[in-house]
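Novice: Okay, here's the structure, questions in a sec.
The values are calculated or read from the model by the stated rules, or taken from the named source; none is laboratory data. Please read all numbers here as calculations on a predicted model, not as lab measurements. Positions of Cβ are generated from backbone atoms using ideal geometry, with glycine treated the same way; all protein chains shown enter the neighbour counts. We work out accessible area using only protein heavy atoms, side chains counted, and drop any ligands, DNA or RNA first. Shrake-Rupley method; radii C 1.70, N 1.55, O 1.52, S 1.80 Å.
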Amino acid sequence: MRDLTTLPKANLHLHLTGSMRPATLAELAARAGLPVPDAIPAGAHGWEAFQSRYDLARAVLRTAEDVARVVAEAAADDAACGAGWTELQVDPSSYADRLGGYEAVVETVLAAAGDQVGVILVASWAGPPEQAVRMAELAARYAGRGVVGFGLSNDERRGRVEDFVPAFRVAAEAGLIAVPHGGFFEGAWHVRACVEQLGAARVGHGLTAHADPATVELLAERGVALEICPTSYPPLGVAELAGLPLRSLLAAGVPVALGTDDPLLFGHDLSGQYALAREHLALTDEDLAALARHSITASAAPADRKARLLAAVDDWR
Ligand SMILES: [Zn+2]
């Protein structure tokens, strides 16, 4: 068995607050006199169990220095897991009050990102579609300057796909990739709608696509990747690790890329996600190399970076 921390890969699904190191959270919370969220207890929980803890963690990020530190540490932690590229999702509205506006948030993140991190600005499925247009316009202004994509996060049951078409049109016109979360709670129809209506190049999670052969075929035909984050599903009652359809999705030709989502809350880093796939799904080194290749190919990394990382995957094998 090869060392998974040396397998070259990309992390395509990671949220700013959720990337925070537990030690950093503890330090910043103590400084601010704020509580540290407890771990999500074992068993399956509703979305609120996740969101309430996420909100507590986000509250400790009070200054531009805090945000910059988290970005730099996220990049370092992924690099230590063999990632040659990380795409970090940031909802500027979450930090704008404390940092002095949307632009200040983006500037802070970009300054800390370095050349290993591509930034994805996101709006929320639970927010007004006009706000999503505003975020897409903001992302468009930073296209080619470190922002590589536009997405929608949060609970997809709280918004209607068609309402977000205008925002994704703005992003597409700026050359940004479309990376909405989808098919986490909603069925395969939602993944299909993200592809057909929003022009998704990748879907965050999209696990429910697996139940519908026509949607699986659509993803394979168009090369739309699914960002699967194994540790995100058991605590929210979506799937158990042993039930993740990674092997069948790969066999059907769907590009699957493993991501971490919110390692602060779900407790596993990027190479840990690969290790879980090896352990619970009996994926071989060849399968794991395929996942790593998909993560690189489906990324928004510069072409020369992709070529270098893909060659390094061959060397790892
Ligand atoms: Zn996510």
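Novice: With springs connecting C-alpha atoms under 10 Å apart, model the chain as a Gaussian network and identify which of A257, A214, A83 has the largest mean-square fluctuation.
Specialist: Judging by the Gaussian network model, the answer is A214.
Novice: Which value, in Å to one decimal place, does the Kirkwood hydrodynamic radius take for the chain when every pair of different Cα atoms is included?
Specialist: 19.3 Å is the Kirkwood radius here.
Novice: If you stretched the chain out fully between H280 and E240, how much longer would it get, using 0.36 nm times the residue separation minus the C-alpha to C-alpha distance?
Specialist: Here the answer is 13.4 nm.
Novice: Quick check: pseudo-label points 7 Å beyond the Cα along Cα→Cβ at V36 and T6, how many nm apart are they?
Specialist: Result: 3.4 nm between the two label points.
Novice: Rounded to the nearest 10 Å², what accessible area does V36 show when all protein chains are kept and the probe is 1.4 Å?
Specialist: Near enough 80 Å² of accessible area.
Novice: Looking only at segment 289-308, which residues have a backbone nitrogen under 16 Å from a spot 7 Å from the Cα of R247 in the C-beta direction?
Specialist: Only 289-291 fall inside the zone, counting backbone N under 16 Å.
Novice: Rounded, prolate or oblate: which fits segment 1-109, taking a ≥ b ≥ c as square roots of the Cα gyration tensor eigenvalues, rounded meaning a/c under 1.5, else prolate when a/b beats b/c?
Specialist: Here segment 1-109 falls in the oblate category.
Novice: Now for a separate question. Quick check for me: using +1 on Lys/Arg Cβ and -1 on Asp/Glu Cβ, what's the dipole size of the chain about its Cα centre, in debye to the nearest 20?
Specialist: My answer is approximately 260 debye.
Novice: Given A225, F50, T284, which one lies farthest toward the positive end of the charge dipole of the chain, if we put +1 on the Cβ of every Lys and Arg and -1 on the Cβ of every Asp and Glu?
Specialist: A225
Novice: OK, next. For q values of 0.16, 0.29 Å⁻¹, compute log₁₀ I(q)/I(0) with the Debye formula on a Cα-only model of segment 40-93, without solvent.
Specialist: Cα-only, vacuum Debye calculation for segment 40-93: -0.69, -1.08.
Novice: Can you pull the one-decimal nm distance between simple spin-label points at D315 and R157, each 7 Å off the Cα toward Cβ?
Specialist: 4.7 nm
Novice: Oh, and also: So how much accessible area does E217 have, in Å² to the nearest 10, using a 1.4 Å probe?
Specialist: Accessible area of E217: about 110 Å².
Novice: Mean residue ellipticity at 222 nm from the helices of the chain, using -39,500 (n - 2.57) per DSSP H segment of n ≥ 4 over the full residue count, to the nearest 500 deg cm²/dmol?
Specialist: Helices in the chain give a 222 nm mean residue ellipticity of -14000 deg cm²/dmol.
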